[in-house]
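Here's the structure, in structure tokens; my notes come after.
The values are calculated or read from the model by the stated rules, or taken from the named source; none is laboratory data. Just so you know, these numbers come straight off a predicted model, no measurement behind them. Cβ placement follows ideal geometry from the backbone for every residue including glycine, while neighbour counts extend to all protein chains displayed. Remember, those area values only see protein heavy atoms, side chains included, never the ligands or the DNA or RNA. Shrake-Rupley method; radii C 1.70, N 1.55, O 1.52, S 1.80 Å.
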Amino acid sequence: DGFHVWAERFDRMIEDIFDVQNEVAQKITDALKVSLTDSEKESLEKKPTDDIRAYDFYMRGREFLQRRGKKNNETAIKMFENAISIDPEFASPHAGLAEAYLYMYEWYDGNTIWLEKAIAMNQKALSLDPGSIEARFGIAMVYFHQKRFKESKKTLEAILGENSQYYPACFRLGMISELSGDYDSALRYFSRATELKPYDEDAWRFLEGVYRKLGDIDKANDAAMKVIEVTARKLEASLDDVIVMSRLAEAYARFGAQIEARATLKRIFELDRTDGLALYNCSCVYALLGEKVTALITLRQAFDNGFKAVAHWAKSDHAFDSLRDDTMFQELISELEWWGSRKIS
């Protein structure tokens, strides 16, 4: 309500940043009269590393990882590797590296070697910090990509049982529910995800898709508008982010804003024609705009540029609903599934 609750100035040496972080967190909880659990208190008091340089590289890696895009993902890998080289006993960059490997598998390569690397890194992180939620989430994601949904769900639910505000687990449980045809659960998880991270477009995008599958067009359009708001705001800070831009173009197309969608597509291709994830989103845009041939060409380009799971996603993505019965679409999906299985086996 705008009422000033608490403020304080902290002057410390940067080397004491973890002590300051702990102190600030404790002061805030006291000011807000929040009761912390024993595990939360333990988490606050535990130093992730004694080396500020390792922590800095780790946080930079997290930043690049959140931006998405192949180039950012590759940079994140380098940041995590730098953190590990400085402090090999620092668990978090091992888990971060595993997550980056999983993104390489999911969006940019499709080779199972990335899953193997992710498993090794998560196991290393757990050996250093048995309670690491990041590493346990990473294991759940390996299960997810291996289509062992029951095991993935069980692990993710256990994580949420410990930390009900852990957005990644909530979001992926929504995905598992949607893939399993449990749209009510998907709606619940994605809605919760938008509450936890209202500034992240992913949850809004998936929420919009579930609403459309349930036939609630008004709420689907509301969610599409939120995607536009969030991605447009992000682009103000990063004008050349083709991933965010491609999601904005897709939201425009879903919302029926054709002029804006085409203008955004034009800008994406001026910046980068090689990011598989961005190309997949662009293919969705063309399909929504009714440009079948261009949609199919771009879908193949997404595959050729590393997004080997395009066939899997396109089979369930309602952006391609208008092409479901099209022979060319069906043949392309079958072909990409075949080539994808050869690539990753």
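Annotations
- Cα shape, region 241-345, gyration tensor, a/c 1.5 rule: oblate
- Globularity ratio of the chain, using Cα Rg and 2.2 N^0.38 Å: 1.05
- Efficiency of FRET from Cβ geometry, K78 and I28, R₀ 35 Å, rounded to 0.05: 0.55
- Only helical runs count toward this figure. For the chain, summing -39,500 (n - 2.57) over DSSP H runs of n ≥ 4 and dividing by all residues gives -23500 deg cm²/dmol at 222 nm.
- The longest part of the chain holding none of the exposed loop chymotrypsin sites (Phe, Trp or Tyr not before Pro), meaning those outside H, G, I, E and B in DSSP with at most 12 other Cβ atoms within 10 Å, is 11-198.
- The alpha carbon centroids of region 172-195 and region 265-328 are separated by 24 Å.
- Per-residue surface analysis assigns K71 an accessible area of about 140 Å², computed on protein heavy atoms at 1.4 Å probe radius.
- If you take the Cα centroid of region 90-112 and the Cα centroid of region 1-49, the two points sit 31 Å apart.
- Here's the picture: charge each Lys and Arg Cβ at +1 and each Asp and Glu Cβ at -1 in the chain, and of S322, F144, G110 the one pushed furthest to the positive end of that dipole is S322.
- Rounded to the nearest 10 Å², the accessible area of E331 at probe 1.4 Å: 120 Å²
- Largest accessible area first, the residues D30, D56 order themselves as D30, D56 under a 1.4 Å probe with ligands, DNA and RNA left out.
- With the convex hull drawn over the C-alpha atoms of region 24-183, the volume per residue is 130 Å³.
- For region 201-268, GluC sites (Glu not before Pro) are listed when DSSP marks them as loop and at most 13 other Cβ atoms sit within 10 Å of their Cβ; the list is empty.
- A simple spin-label model places pseudo-atoms 7 Å from Cα toward Cβ; at D56 and L160 they are separated by 3.9 nm.
- Rounded to 10°, Cα long-axis angle of helix 258-271 versus longest principal axis of the chain: 70 degrees
- Accessible surface comparison of S127, S177, S316, probe 1.4 Å, protein chains only, largest first: the order is S127, S316, S177.
- Whole-number percent relative contact order across region 113-182, with pairs defined as alpha carbons under 8 Å at least 6 apart: 22 percent
- For the chain, size of Cβ-based charge dipole, Lys and Arg +1, Asp and Glu -1, in debye: 900 debye
- Dipole magnitude for region 214-304: about 160 debye, using +1 per Lys or Arg Cβ and -1 per Asp or Glu Cβ, origin at the Cα centre.
- Taking the C-alpha atoms only, the angle from helix 133-145 to the longest principal axis of the chain is near 20 degrees.
- Per-residue SASA remark: M13, around 130 Å² accessible (1.4 Å probe; ligands, DNA and RNA not included).
- Mean Cα-pair separation over length for the chain, i.e. relative contact order, pairs under 8 Å, 6 or more apart, %: 11 percent
- Estimated FRET transfer efficiency (I17, E291; beta-carbon r; R0 51 Å; 0.05): 0.50
- Measuring nothing but how far apart in sequence close Cα pairs (under 8 Å, 6+ apart) lie, relative to its length, region 8-164 scores a relative contact order of 14 percent.
- Dipole check for region 30-92: with +1 at the C-beta of Lys and Arg, -1 at the C-beta of Asp and Glu, and the Cα centre as origin, the magnitude is about 560 Debye.
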